[in-house]
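Computed from the coordinates by the stated procedures, all read-outs in this text should not be read as laboratory data. This is a predicted model, so every value here is computed, not measured. Because the Cβ atoms are built from the backbone with ideal geometry, glycine has one as well, and the counts that use them run over all protein chains shown.
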Amino acid sequence: MNLKAQLKEILLQIDRIGGDARPLILSSPTEEQAIQLVEQKLGYQLPTSFRSVLSVISCKCEFSWFLPDDLELPYALRQIFSGQLE
């Protein structure tokens, strides 16, 4: 299963239990030239792994969710009631 499918499945399951699953925004990858332009403006080279994400997976990602307020979680997980990836 690819990343987009995995993220969509997580949001589907959050929605299924009554949570708030925001729409997934996953843009197309970017061109090498755009990455180089950003690096020039920043004055340093981005890590290889991050460059790979931008050029192979996506140049923009919005992924967020919130569990239902009344969901009983195990004690060790009580602080994990939402998630966000941008």
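For the stretch 13-27, which positions are of a type in the set (A, V, I, L, M), loosely packed, with under 14 Cβ neighbours inside 10 Å and more than 27 Å from Ser55 (Cα to Cα)?
Ile17, the sole residue that qualifies.
How about the stretch 10-62: which of its residues are in a helix (DSSP H, G or I) and among the small types (Gly, Ala, Ser)?
The answer is Ala34, Ser49, Ser52, Ser55.
Could you please find all residues in the stretch 53-86 being aliphatic (A, V, I, L, M) and either closer than 16 Å to Arg22 by Cβ or free of Cβ contacts under 8 Å to residues at least 24 places away in the same chain (or both)?
Val53, Leu67, Leu73, Ala76, Leu77, Ile80, Leu85 - these are the residues of the stretch 53-86 that are aliphatic (A, V, I, L, M) and either closer than 16 Å to Arg22 by Cβ or free of Cβ contacts under 8 Å to residues at least 24 places away in the same chain (or both).
Among all residue pairs at least 6 apart or on different chains, which show Cβ distances below 6 Å where the first residue, located in the stretch 41-52, is among the basic types (Lys, Arg) and the second is surrounded by 10 or more Cβ atoms within 10 Å (Cβ to Cβ) and not in a loop (DSSP other than H, G, I, E, B)?
Within 6 Å, the pairs are Arg51/Ile35.
Looking at Ile17, Ile35, which one is in contact with a Leu (Cβ under 8 Å, 6 or more places away or on another chain), without any contact (Cβ under 8 Å) to a residue 40 or more places away in the chain and more than 15 Å from Leu85 (Cβ to Cβ)?
Only one candidate qualifies: Ile35.
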